[in-house]
Amino acid sequence: MAKDNFCIYCGFKLFPEDHFCPNCGKKLDEADVRPNNNYTTGTSTSTGNTTSSTSSTSTTSSTSQNYSYYKKQVEDLKKTYETKEEKVLELLERKFPNGQMSYARFRGEVDVCRVNFFKEADAALNMIDLSDEYSEKIEDALKEKVSTLQSIVAKMNDLQSELIISISNGDDSSNEEIDNLIKEMNKLIESVKDYD
């Protein structure tokens, strides 16, 4: 949870719409429910010459029970990303008015980032929807997807902050810093493509 718009874990300055800290990646919502890893367990009993084996499973949907934590994280990150992206695009229009070439270049990079962000988010949600039982391998893949999404949101937050500073200072020298942030986002996206 965010206290006075600062992360309670690391002290990073937050925006009201943040669900995860862009700096440390910790979840900020009060409802911090951990995944339930209850899945089919076998018990056996032996009496004399006969052995019986019983299997128990959770009566509720095992998929939603096991991965609901990750599903909520992905949904929250999607909302946060959309809010950040909307603000970045608004700031880009202020920074580079009258359809300047720089605006088109930066806008194109943000659009590529959006496509890749939602590709990763949809892949995570698809994994959850296709899973009919708990799997540690799927959970590890979901953790990786969530981590990637958090990294992209953090880079978008950095870009937003840099644009705010640049516009406030009226400083064209920070265009290099904006360019560097865009390059970092591209590197992150390329590393995701390499992983796939």
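Data table
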quantity	calculated
In the range 168-188, residue least open to solvent (accessible area, probe 1.4 Å) [restricted to those that are more than 26 Å from ASN116 (Cβ to Cβ) and modelled with pLDDT of 75 or more]	GLY170
Output for the range 71-96, where each listed residue is open to solvent by less than 40 Å² (accessible area, probe 1.4 Å), touching a residue at least 24 places away in the same chain (Cβ under 8 Å) and farther than 18 Å from ALA154 by Cα	LYS95
In the range 104-150, residue nearest to VAL74 (Cα to Cα) [restricted to those that are over 19 Å from the mean Cα position of the chain (by Cα) and open to solvent by less than 40 Å² (accessible area, probe 1.4 Å)]	SER131
Residue count, the range 9-34 (criterion: farther than 25 Å from TYR67 by Cα and modelled with pLDDT of 70 or more)	4
Out of TYR81, TYR103, sole residue that is at pLDDT 90 or above and either in a helix (DSSP H, G or I) or in contact with a Gly (Cβ under 6 Å, 6 or more places away or on another chain) (or both)	TYR81
Tabulated pairs, the range 97-114, first closer than 13 Å to ILE152 by Cβ, second open to solvent by 60 Å² or more (accessible area, probe 1.4 Å), C-beta under 9 angstrom, 6+ apart or interchain	GLU109/LYS183; ARG114/GLU82
Test result for LYS155, assigned to a helix (DSSP H, G or I) and more than 23 Å from LYS13 (Cβ to Cβ)	no
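The values are calculated or read from the model by the stated rules, or taken from the named source; none is laboratory data. These numbers were taken from a predicted model, which means no experiment stands behind them. Note: ideal-geometry Cβ built from the backbone for every residue, glycine included; neighbour counts use all protein chains shown. Only protein heavy atoms, including side chains, enter the accessible area calculation; ligands, DNA and RNA are left aside. Shrake-Rupley method; radii C 1.70, N 1.55, O 1.52, S 1.80 Å.
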